[in-house]
1. Being open to solvent by 30 Å² or more (accessible area, probe 1.4 Å), at pLDDT below 90 and in contact with a His (Cβ under 6 Å, 6 or more places away or on another chain) narrows it down to one residue among SER15, SER57; which is it?
2. Cβ-Cβ distance below 6 Å, separation of 6 or more or different chains: which pairs start in segment 87-98 with a residue that is closer than 15 Å to PHE50 by Cβ and end on one that is aliphatic (A, V, I, L, M)?
3. Taking the stated definitions as given, is LEU25 part of a strand (DSSP E or B), at pLDDT 85 or above and touching a Phe, Trp or Tyr at 6+ places or on another chain (Cβ under 7 Å)?
4. Return the residue satisfying two criteria in turn: it lies in segment 18-44 and is within 19 Å of ILE70 (Cα to Cα), of a type outside the set (Val, Ile, Thr) and touching a strand residue (DSSP E or B) at 6+ places or on another chain (Cβ under 7 Å), and of such residues it is surrounded by the fewest Cβ atoms within 10 Å (Cβ to Cβ).
5. In segment 3-12, which residue that is in contact with a helix residue (DSSP H, G or I) (Cβ under 7 Å, 6 or more places away or on another chain) and either at pLDDT 90 or above or not hydrophobic (A, V, I, L, M, F, W, C) (or both) is surrounded by the most Cβ atoms within 10 Å (Cβ to Cβ)?
6. Select from segment 84-98 the residues that are assigned to a strand (DSSP E or B) and not hydrophobic (A, V, I, L, M, F, W, C) and list them in ascending order.
7. Quick one: what pairs do we get from segment 1-25, first residue under 17 Å from TYR72 (Cβ atoms), second part of a strand (DSSP E or B) and among the β-branched types (Val, Ile, Thr), C-beta under 9 Å, 6+ apart or different chains?
Amino acid sequence: MKPVYLELCGVNSFSERAEIDFRSLLEYGIFGIFGDTGSGKSTILDCICFALYGKVSRLDSKEAVIVNFINYHSDRAYVNFEFEIMYDGKRRTYRVER
């Protein structure tokens, strides 16, 4: 799986809309996620997992997701994730919206 684009809003430390275009980050083949404590590194990974699987594995219950996933300044949250996979020798692009 190759990430292409991530848009999120109202999630953990991201009360405002944020977007990550992975195409420019992957231009050289590898990238890192860096930042201070509480800057949102884990939230980026949580959003990708939430988009793909509908849950955040480090939050063990539905109530924990609501309490610990949605930013306390927000009344709702959303995640849009676009990714590519190789299937039958072709690169296919998928988009998930939650």
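The values are calculated or read from the model by the stated rules, or taken from the named source; none is laboratory data. As the structure is a computational prediction, the values presented were derived from the model and not from experiment. As a convention, Cβ positions derive from the backbone with ideal geometry for all residues, glycine included, and neighbour counts pool all protein chains shown. With ligands, DNA and RNA removed, areas are computed over all heavy atoms of the protein, side chains included. Shrake-Rupley method; radii C 1.70, N 1.55, O 1.52, S 1.80 Å.
1. SER15
2. VAL96/ALA51; ARG98/ALA51; ARG98/VAL79
3. No.
4. Checking each candidate, the answer is GLU19.
5. Out of the qualifying residues, it is LEU8.
6. GLU84, TYR87, LYS90, ARG91, ARG92, THR93, TYR94, ARG95, GLU97
7. Sorted first by the residue in segment 1-25, then by its partner, the pairs are LEU8/ILE20; LEU8/VAL79; CYS9/VAL79; GLY10/ILE70; VAL11/ILE70; VAL11/VAL79; ASN12/ILE70; ALA18/VAL11.
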